[in-house]
Amino acid sequence: MKEVDYDLIRKLSSALNIPIFAEGHIHTKDHARKAIESGAFAVVVGTAITRPEIITKRFVDELNLLVGK
């Protein structure tokens, strides 16, 4: 797999009654947003974070927009 499987996230989140965590190939805030919009409860970001003080803030700010904070 070379990209996030949003279709799988949608299928799992609609079929299961447990939180779905998206992990792998999440390199941008747009990837994270689309994973959440596809039904993921949370996302796991790994190697995309190389400058944590700046990059993490971008992810948090974008996700907070989704939850209205």
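The values are calculated or read from the model by the stated rules, or taken from the named source; none is laboratory data. Keep in mind that what you see is a predicted model, and the values were worked out from it rather than measured. Ideal geometry is used to build each Cβ from the backbone, glycine not excepted, and the neighbour counts take in all protein chains shown. Note: accessible area is taken over every heavy atom of the protein model, side chains too, but ligands, DNA and RNA are not part of it. Shrake-Rupley method; radii C 1.70, N 1.55, O 1.52, S 1.80 Å.
Using a Cα distance threshold of under 22 Å, what count of lysine pairs results for the chain when pairs must be 8 or more residues apart or interchain?
10
Quick one: accessible area per residue over the chain, 1.4 Å probe, rounded to a whole number of Å²? It would help to have the intermediate numbers written out before the result.
Numbers: 5030 Å² over 69 residues.
Accessible area per residue, the chain: 73 Å².
Using a Förster radius of 30 Å, what is the FRET efficiency between ARG51 and ASP5 based on their Cβ-Cβ separation? Nearest 0.05, please.
Values: r = 27 Å, r/R0 = 0.90.
Result of the calculation: an efficiency of 0.65.
How far, in degrees from 0 to 90, does helix 52-67 lean away from the longest principal axis of the Cα atoms of the chain, to the nearest 10?
Value to nearest ten degrees: 40.
Expressed in nm², what is the orientationally averaged projection area of the convex hull enclosing the Cα positions of the chain? Let's see the in-between values first.
On the way: hull surface 19.0 nm².
Average of the hull's projected areas for the chain equals 4.8 nm².
DSSP loop chymotrypsin sites (Phe, Trp or Tyr not before Pro) in the chain with at most 13 other Cβ atoms within 10 Å of their Cβ, which ones? Please report the intermediate quantities before stating the final value.
Working: sites: TYR6, PHE21, PHE41, PHE59; in loops: PHE41.
Passing sites in the chain are PHE41.
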